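Visitor: Can you read through this structure? Questions will come right after.
The values are calculated or read from the model by the stated rules, or taken from the named source; none is laboratory data. Please read these numbers as outputs of a predicted model, since none were measured by experiment. Note that each Cβ is placed from the backbone with ideal geometry, even for glycine, and that neighbours are counted across all protein chains shown. Surface areas here come from the heavy atoms of the whole protein model, side chains and all, with no ligands, DNA or RNA. Shrake-Rupley method; radii C 1.70, N 1.55, O 1.52, S 1.80 Å.
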Amino acid sequence: MAESDAKQPTETVQEDGKRLKYLDFVQAAVIYVIVCFSTLYEYAKENSGPLKPGVQTVQGTVKAVFRCLKLVLVFSLDCAFFC
């Protein structure tokens, strides 16, 4: 019985190592996509010509919405873990 308990944490560590290997690849891919998208967005924003004021207005609105969503998410997670 004691021997099987001693083997269990080792197996868990090995499984976590495999899982982390794949998560690193996904994380790197997501970061790459975000960087490419932000570069493309900045290029489009700079070359928007007469639409530039409209783009800036939409950007301000989107930023405000995301700030509110972040606050709601933080408060809900806070309540979920500490209430």
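Visitor: Say each of V74 and K45 gets a label point 7 Å from the Cα, pointing the same way as Cα to Cβ; how far apart are those two points in nm?
Guide: 2.2 nm
Visitor: Sticking with this one: Compare S48, S38 by solvent-accessible area with a 1.4 Å probe and give them largest first, with all protein chains kept in place.
Guide: Numbers: S48 20, S38 55 Å².
Heavy-atom accessible area, descending, gives S38, S48.
Visitor: Nearest 0.05, what FRET efficiency do C36 and F82 give at R0 = 35 Å with Cβ-Cβ as r? Don't jump to the answer; show the numbers that get you there.
Guide: Numbers: r = 38 Å, r/R0 = 1.08.
Step by step, r from the Cβ atoms, then E = 0.40.
Visitor: Return the distance in nm (one decimal) between the two label points of a simple spin-label model at R67 and Q27, each offset 7 Å from Cα along Cα→Cβ.
Guide: According to this spin-label approximation, the distance is 2.9 nm.
Visitor: With θ set to phi - 60°, apply the Karplus curve 6.51 cos²θ - 1.76 cosθ + 1.60 along the range 30-42 and write out the HN-Hα couplings as whole Hz, x wherever there is a Gly or Pro.
Guide: 5, 4, 4, 5, 5, 5, 4, 5, 5, 5, 4, 5, 4
Visitor: Could you report the accessible area of K70 in Å², rounded to 10, computed with a 1.4 Å probe on the protein chains as they sit in the structure?
Guide: The accessible area comes out at roughly 130 Å².
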